[in-house]
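Novice: Sharing a structure below in structure tokens format, with a few things to ask.
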Amino acid sequence: QSLGSLAKRLDLRFATAVDMAALADDAAYRQKVASEFSGVTAENVMKWEVLEPQRGVYDWEQADRLVAFARENRQTVRGHVLVWHNQLPAWLTEGNFSSQELRALLRRHIHETVRHFRGKVWHWDVVNEAFNEDGTLRDTIWLRNLGPGYIADAFRWAHEADPRVRLYYNDYNIENVNAKSDAVYDLVRSLRAQGVPIHGVGVQGHHTVGSDLASMQRNLQRFDDLGVETSVTEADVRMVMPADATKLQAQANVYSTMLESCLATPRCTSFTVWGFTDKYSWVPGWFDGEGAANILDENFQPKPAYHALRTDLALA
Ligand code: G3I
């Protein structure tokens, strides 16, 4: 049984981020995405720089290919991402637009994108990584030009374009109870109080073998108590290379804690790994000397983390 089918009984989607180049070129990769997972997220191809490389010129080709693949394999799709400060098109960041123009451009981007995928996407990451570690709002092109109200506006615009899609706030280092997750909690509570359509909070889950996730379950539960769903959206657990048996076991434990926290939370609806094989991973390119962050090795062989996740699902 696959991770996806083991999770089904628990009403949970077990998903992976997908690298579209690997999906096109590597049959073993493609076969694993199809057979092991019940959901997918585009690792890059639904980001603004890919969807609108030139102003007014849209390129849905790769994203549509992923959506079609998911449909063939009866997988859900998490849309990633509508409002972020990274992977924006150069025409936008270098365009010297006025605040008013930027607001209109963001509104149009959200409307066009959500409308394009209407009925095909289950969750959207509407706003991603809006907070600093201390809980203040991150200084981005959006905050600087639109003010803090851009967050509520983004959710309203997304809801206008597809009233049925589930809308998420998504961030990293908000797994535990801490200053940053406190700020997200306050944001969600205030948005709900104002009637803003927000339905979920995604905790990304980028960690290392040394991460302590002791308050993760309590944190997910407090969001659940607010009446929103939760999801683990980008799980991976990196280590300083080379890997050894001790680090691989520590890695399995961190993955397991994340999944168990989700399983213990009534409305935790999906668990997504940010890639599943060490053959394709963003980690070595971003963290010098680190890697082996995924649940299968470079040859698609299961690591201890894979077995630990299966056991968690089977016993839940
Ligand atoms: O597409 C270009 C290609 O044309 C060019 O030749 C190549 C040369 O470097 O770069 C390619 O773009 C890269 C892109 O991934 C696609 O592979 C970018 O350089 C690289 O920066 C980009 O990295 C992505 C990263 O987000 C950038 O923000 C990672 O793949 C992706 O895994 C990562 O994902 C983020 C989530 O969206 C949000 N949460 C954190 C997570 C990890 O950083």
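Novice: With n ≥ 4 as the cut-off for DSSP H runs, can you work out [θ] at 222 nm for the chain, using -39500 (n - 2.57) per run divided by the number of residues, rounded to the nearest 500?
Specialist: Calculated mean residue ellipticity at 222 nm is -13000 deg cm²/dmol.
Novice: Probe of 1.4 angstrom, ligands and nucleic acids ignored: what's the accessible area per residue over region 3-315, in square angstrom?
Specialist: Values: 12850 Å² over 313 residues.
Spelled out: the 1.4 Å probe surface of region 3-315, per residue, equals 41 Å².
Novice: As I understand it, the dipole of the chain uses +1 on the Cβ of Lys and Arg and -1 on the Cβ of Asp and Glu, about the Cα centre. Which of T311, G227, M239 lies farthest toward its positive end?
Specialist: Of the options given, the answer is G227.
Novice: If you average the alpha carbon positions of region 263-281 and of region 137-181, how far apart do those two centres end up, in angstrom?
Specialist: 21
Novice: In addition: Report K279's accessible area, 1.4 Å probe, all protein chains in place, as a number in Å² to the nearest 10.
Specialist: 100
Novice: Here's another thing I want to ask about it. Could you order peptides 27-34, 75-82 by the average number of other Cβ atoms within 10 Å of their residues, highest first?
Specialist: Details: 27-34: 16.0, 75-82: 24.4.
By packing density, highest mean first, the sequence is 75-82, 27-34.
Novice: Can you give me the Cα centroid spacing of region 1-76 and region 227-242 in angstrom?
Specialist: A separation of 17 Å, based on Cα centres.
Novice: Students sometimes get this wrong: rank M216, M241 by accessible area, probe 1.4 Å, all chains present, largest first. Each step should come with its number before you reach the end.
Specialist: Details: M216 0, M241 85 Å².
Output order, biggest surface exposure first: M241, M216.
Novice: Counting pairs of alpha carbon atoms under 8 Å apart in space and at least six apart in sequence, what relative contact order in percent does the chain give?
Specialist: Values: 602 pairs, mean separation 51.1, N = 316.
Relative contact order, the chain: 16 percent.
Novice: May I ask what percent, to the nearest 5, of DSSP beta bridges between residues of the chain are antiparallel? Working shown, then result.
Specialist: Values: 5 of 41 bridges.
Counting DSSP beta bridges with both partners in the chain, the antiparallel share is about 10 percent.
Novice: Evaluate the relative contact order of region 249-316 (contact order divided by residue number), counting alpha-carbon pairs under 8 angstrom at least 6 apart; express in whole percent.
Specialist: Across region 249-316, relative contact order equals 39 percent.
Novice: Charges at C-beta only: +1 for Lys and Arg, -1 for Asp and Glu. How large is the resulting dipole of region 3-315 about its Cα centre, in Debye rounded to 20? It would help to have the intermediate numbers written out before the result.
Specialist: On the way: 33 positive and 41 negative charges, 225 e Å.
Charge dipole of region 3-315: 1080 debye, to the nearest 20.
Novice: Next question, about the same structure. Efficiency by 1/(1 + (r/R0)^6): what FRET value for A264 and N178, r their Cβ-Cβ distance, R0 = 22 Å, to the nearest 0.05?
Specialist: Calculated value: 0.70.
Novice: Calculate what fraction, in whole %, of the accessible area of the chain sits on carbon and sulfur atoms when a 1.4 Å probe is rolled over the protein chains. Let's see the in-between values first.
Specialist: Working: 6120 of 13090 Å².
Whole-percent figure for carbon plus sulfur exposure: 47.
Novice: Under a point-charge model restricted to the Cβ atoms of Lys and Arg (+1) and Asp and Glu (-1), what is the dipole moment magnitude of region 217-308 relative to its Cα centre, in debye to the nearest 20?
Specialist: Dipole about the Cα centre, nearest 20: 180 debye.
Novice: A further question follows. Could you tell me which residue out of Y185, F117, W286 lies farthest along the dipole of the chain toward its positive end? Charges go on the beta carbon: Lys and Arg +1, Asp and Glu -1, centred on the Cα centre.
Specialist: Result: F117.
Novice: Under the Kirkwood approximation applied to all pairs of distinct alpha-carbon atoms, what is the hydrodynamic radius of region 257-302 in Å? Show your work: numbers first, answer last.
Specialist: Details: mean 1/r = 0.0828 Å⁻¹.
Taking every pair of different Cα atoms in region 257-302, averaging 1/r and inverting gives 12.1 Å.
Novice: Using amide H atoms built in the peptide plane, which far-off residues or other-chain residues are under 5 Å from W60 H to H?
Specialist: Correct list: empty.
Novice: Can you tell me the orientation of helix 245-263 relative to the chain, as the angle in degrees between its alpha-carbon axis and the longest Cα principal axis, to the nearest 10?
Specialist: On a 0 to 90 degree scale, this one is about 50.
Novice: Something else: Any idea how many Lys pairs in the chain come in under 28 angstrom at the alpha carbon, given 8 or more places apart or on separate chains?
Specialist: Close lysine pairs found across the chain: 16.
The values are calculated or read from the model by the stated rules, or taken from the named source; none is laboratory data. In this text, all values refer to a predicted model and were calculated from it rather than measured experimentally. Neighbour counts are summed over all protein chains in view; Cβ atoms, including those assigned to glycine, are modelled from backbone coordinates with ideal geometry. We work out accessible area using only protein heavy atoms, side chains counted, and drop any ligands, DNA or RNA first. Shrake-Rupley method; radii C 1.70, N 1.55, O 1.52, S 1.80 Å.
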